[in-house]
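Read the figures in this text as sums done on the coordinates, not as results from a lab. A quick note: this is a predicted structure, and the numbers were derived from the prediction, not measured. In this analysis, Cβ positions are derived from the backbone assuming ideal geometry, glycine residues included, and neighbour counts consider all displayed protein chains.
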Amino acid sequence: MPLIDDIVAMDEELRTWRRDIHAHPELGFEEHRTADFVAKKLTEFGIDVVRGIGKTGVVGVLREGNETRSIGLRADMDALPIAEDNTVPHRSTCHGTMHACGHDGHTTMLLGAAKYLAATRNFRGQVNFIFQPAEEGIGGARAMIEDGLFEKFPCDSLYAMHNAPGVPVGKFGATAGIRTAAGAFFDIDVIGKGAHGAFPDQGVDPVLIASELVTSLQSIVSRNIRPSETAVLSVTQFHAGDAYNVIPDRARLSGTVRTLSVDLMNQIEERVRQRAASVAAAHGGTAEVDFRIVFHPVINDEATTSTAANVCSGLVGESDVITSSPPGTGSEDFSFMSEKVPSCYLILGNGISAPLHNSHYDFNDDALAYGASFFAGVVENVLAPAET
Ligand SMILES: [Zn+2]
Ligand SMILES: [Zn+2]
């Protein structure tokens, strides 16, 4: 069976929605226009809408029959603080903000499935359409969960999808087990003692301490972590001083850590704290460490993933469904939902495109019918009406 005909017939409409959302990107927890857009469409389709779950989050509820079984489908709505370099007509109208991760496409695909399912109702049970805010590291999933997402809208299983640049359009990935890494952000304030640049003996130089600390932090992964484990530590910011002849009081280092388990992340946090304290102390300074775990690993449930792979095979054929691939060191906020409900986080080919989080990236509209067909297809599979 190829894609769902009624969804393919919607293709032009899906492209129009996607480009509208792309042109009006909003950062995490500021998705007011996007949430309005989503809520308006869901209401037009005849779906009940609940807003304000996780601030700007939106949930649509569609029920058919009296069965208590349920399914959740999740898309993300936020954009990134990147200035778009594309010149397409639907480029961002909001300078400095763009949909560089394809969440405009994810939102559109879920809306497409919602429209189809509300019109055809070929299922029995409850479908929860979850449009989450603030996926990009600022806690949208946790905010929805804390607002009672899964108590108010129980889900027996949950499905989400992310586009993948470089994977051909029409290919899906559904692999069981760990899919994405735990992620942490850190800030280290190194505190020394300011002095004239010509009299360093009268101060404690935080620039030197921070420089040594950058090198020292790089030996945590190579020297303290078992080689068979996966871990990345990157110092991505170094801020200090503003004059040629002044040794500043303080310096700040910031960066990110990725691991495939929360345990390993905790070990690295401990090492980061030790290194910061000891390197600073060796020079007579001090260090204050703020280490925040912002993502857990996404773990795909075996049975849920097998269901997803079967639905994908039905849409594009078994040979275009990747069911085994190594986990990546990217991170995903969906992890917090996947800890609560048996889940599958799928990959959807975006074809040849700029990478995610790049100023030239654009979601590939050719993928819309595939993603929307998956969301609709998995509902018709999991909540299939009983044979009569
Ligand atoms: Zn992203
Ligand atoms: Zn993303």
Expected unfolding gain across residue 193-residue 63 under the 0.36 nm per residue rule, minus the alpha-carbon gap, is 40.3 nm
So, for the Cα atoms of the chain, Rg and Dmax in Å stand at 23.5, 89
With -39,500 (n - 2.57) per DSSP H segment of 4 or more residues and division by the full residue count of the chain, the 222 nm estimate, nearest 500 deg cm²/dmol, is -11000 deg cm²/dmol
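How large is the Kirkwood hydrodynamic radius of the stretch 45-132, counting all unique pairs of alpha carbons, in Å?
Kirkwood hydrodynamic radius for the stretch 45-132: 14.6 Å.
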quick shape note, the stretch 182-295: Cα extents on principal axes in Å, largest first -> 47, 23, 17
Proxy exposure order for 18, 121 (fewest C-beta within 10 Å first) is 121, 18
Relative contact order in percent for the chain (Cα pairs under 8 Å, 6+ apart) equals 25
What one gets for the stretch 1-87 as the Kirkwood radius, inverse of mean 1/r over different Cα pairs in Å, is 15.2
Partner aspartates and glutamates whose C-alpha sits under 19 Å from that of residue 340, ignoring same-chain residues fewer than 8 away, are 76, 135, 146, 147, 151, 156, 263, 301, 302, 332
Taking the alpha-carbon centre of each part, the distance from the stretch 103-137 to the stretch 180-217 in Å is 47
At 37 °C in a medium of viscosity 0.692 mPa s, the stretch 21-179 has a Stokes-Einstein diffusion coefficient, with Rh taken as the Kirkwood radius over alpha carbon pairs, in µm² per second, of 201
Straight-line reach check, residue 152, cutoff 14 Å on alpha carbons, 8 or more apart in-chain or any other chain, hits among aspartates and glutamates -> 48
P(r) over all Cα-Cα pairs of the stretch 108-174, 10 Å bins from 0 to the longest distance, whole percent per bin, short to long, reads 15, 38, 37, 9
